[in-house]
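Written below as structure tokens is the structure these notes are about.
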Amino acid sequence: MKRIILLLTVAALVVVSTLFVVSAVGAHKQPKAHKHPTRTVLIKNFRFQPANITIKRGTKVRWINRDSAPHTASALNPRRFDSGRLGKGQRYSHTFKSAGKKRYLCKIHPHMRGSVVVKR
Ligand SMILES: [Cu+2]
């Protein structure tokens, strides 16, 4: 009887430790699931920072307005993307699905310019 209890205890320990290892490995692998991480462009001091970025197709770009003044991130080709007016602290994201160089500006301050180069 003691032997059975011992065997059951060992079996239980094996199961628990296996589950622990599997969950630890799973948790470790999760960040890699994001093949194309989000890229952030800050809008700060009336500039896009960084103004020019290169990304892979399928990457999401997120603009965050860190100024008190409102800004936009608007593609020169208006069909591509347009954040609309972003107030202080507001953000906008767009996922780029086609390759090429996309230039954009702030419609409120048209001297503010940036570009996103999308690679295949
Ligand atoms: Cu602006």
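Classify the stretch 39-119 from the C-alpha gyration tensor, please: rounded if a/c falls under 1.5, else prolate or oblate depending on whether a/b exceeds b/c. Here the stretch 39-119 falls in the prolate category.
Averaged over residues, the count of other Cβ atoms within 10 Å places the peptides 101-107, 66-72 in the sequence 101-107, 66-72, highest first.
Expressed as a whole percent, the accessible area of the stretch 39-119 that falls on carbon and sulfur atoms is 46 (1.4 Å probe). Note that the stretch 39-119 presents 56 Å² accessible area per residue, ligands and nucleic acids not counted, probe 1.4 Å. In order along the stretch 94-105, the Karplus-derived 3J(HN,Hα) couplings, from 6.51 cos²θ - 1.76 cosθ + 1.60 at θ = phi - 60°, round to 9, 9, 8, 9, 10, 6, x, 9, 10, 8, 9, 8 Hz, and Gly and Pro are given as x.
Based on C-alpha pairs under 8 angstrom that are at least 6 apart in sequence, the stretch 55-120 has a relative contact order of 38 percent.
Under a 5 Å amide H cut-off, with hydrogens placed 1.01 Å from N, K56 pairs with K119 among residues at least 5 apart or on other chains.
The values are calculated or read from the model by the stated rules, or taken from the named source; none is laboratory data. Everything numeric here is computed off the predicted structure, so don't read it as measured data. Every residue, glycine among them, receives a Cβ derived from its backbone with ideal geometry; neighbour counts consider all protein chains shown. Ligands, DNA and RNA are excluded from the accessible area calculation, which covers all protein heavy atoms including side chains. Shrake-Rupley method; radii C 1.70, N 1.55, O 1.52, S 1.80 Å.
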